[in-house]
1. With the structure loaded, tell me whether Pro186 is in a loop (DSSP other than H, G, I, E, B) and either of a type outside the set (D, E, K, R) or exposed (fewer than 13 other Cβ atoms within 10 Å of the Cβ) (or both) or whether it fails that test.
2. Given the condition surrounded by 18 or more Cβ atoms within 10 Å (Cβ to Cβ), without any contact (Cβ under 8 Å) to a residue 60 or more places away in the chain, outside any loop (DSSP other than H, G, I, E, B) and not basic (Lys, Arg), answer yes or no: does some residue in the range 203-210 qualify?
3. Please determine whether any residue of the range 110-117 is closer than 23 Å to Ile150 by Cα, out of contact with any Lys or Arg (no Cβ under 7 Å at 6 or more places or on another chain), aliphatic (A, V, I, L, M) and at pLDDT 95 or above.
4. Being in contact with a strand residue (DSSP E or B) (Cβ under 8 Å, 6 or more places away or on another chain) and small (Gly, Ala, Ser) is the filter here, so list the residues in the range 65-87 that pass it.
5. Is one or more of the residues making up the range 45-54 at pLDDT 85 or above and surrounded by fewer than 11 Cβ atoms within 10 Å (Cβ to Cβ)?
Amino acid sequence: LFGRGTCDMKGFVGVALSLLPEIAGARLKRPIHFALSYDEEVGCAGVRGLLQDLDTAGIKPALAIVGEPTEMRVVGAHKAGAVLHTHCHGREGHSSKPHLGANAVMMAGEFVHLLESIGDGLKGDADHRFDPPFTTVQANMIQGGSAVNILARDALVTWEYRALPDRDPTLILDAVRSRAESEILPKYRANVADARFETEVHATYPGLVMDETSEAVLLARDVTGANQVEAVAYGTEAAISSAPGSRR
């Protein structure tokens with residue numbers, strides 16, 4: 001396989017599968033199961049069904065090792081995250097008379113600035129095991145508009161948060177909705193009463209809270225000889241895999 005991130009995403013699978021002959025010939029007291037999921041990058045879509053299948057089959061693993069590009073470092077914590085879509089609804093009009101419409105692209109710009117403000121406000125709550133050590137909020141995609149001389153009727157902002165794992169991330173969305181309603185919309189509703197934002201959660205995954213005494217962490221440290229357990233800012237399937245029936 002060739003491609004950006006190929007080794008990061010598939011390297012662990014290849015290495016693990018190469019050990020199958022050795023595992024098959026070993027006299028194991030407990031079996032080793034290989035659980036291969038899909039769409040981890042877009043909200044860990046595959047792992048939830050995989051865990052249901054394991055439960056249906058009566059397979060209850062003692063622990064789970066999730067393969068990630070950690071350079072053989074033992075990682076025991078990661079941030080929670082979500083991908084969100086905010087639809088900005090305005091009213092079309094000619095750009096020579098902006099006061100007769102509501103420009104959804106301009107609404108989107110103010111919304112992005114609001115996200116930056118909320119993210120800046122979270123920097124004081126830090127956990128220095130992570131890099132960066134605070135919850136982050138940022139917009140990564142904007143779509144909208146039909147022509148340069150037409151006020152945009154609709155725009156879409158795709159944004160994300162990556163929250164410290166033991167914080168309540170729902171407070172972020174609550175703050176975004178509340179402040180957008182009070183700080184941005186009054187100006188646009190002065191011209192267009194039904195100007196509005198609609199935000200939906202596209203994908204979400206929980207954070208993994210550090211537990212240095214978990215069986216998985218102890219095993220990984222024993223095998224690798226690692227002296228410490230680290231934390232990462234990206235998300236993985238580890239927190240989902242630590243649901244009842246399996247441990248980190």
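1. Considered against the rule, which asks whether it is in a loop (DSSP other than H, G, I, E, B) and either of a type outside the set (D, E, K, R) or exposed (fewer than 13 other Cβ atoms within 10 Å of the Cβ) (or both), Pro186 comes out as no.
2. No, the range 203-210 contains no residue that is surrounded by 18 or more Cβ atoms within 10 Å (Cβ to Cβ), without any contact (Cβ under 8 Å) to a residue 60 or more places away in the chain, outside any loop (DSSP other than H, G, I, E, B) and not basic (Lys, Arg).
3. So far as the range 110-117 goes, yes, one or more of its residues are closer than 23 Å to Ile150 by Cα, out of contact with any Lys or Arg (no Cβ under 7 Å at 6 or more places or on another chain), aliphatic (A, V, I, L, M) and at pLDDT 95 or above.
4. Gly76, Ala77, Ala80, Gly81, Ala82
5. Checking the range 45-54: not a single residue is at pLDDT 85 or above and surrounded by fewer than 11 Cβ atoms within 10 Å (Cβ to Cβ).
The values are calculated or read from the model by the stated rules, or taken from the named source; none is laboratory data. None of these values were measured; they are calculated from a predicted model. Glycine also receives a Cβ, built like all others from the backbone with ideal geometry; neighbour counts cover every protein chain displayed.
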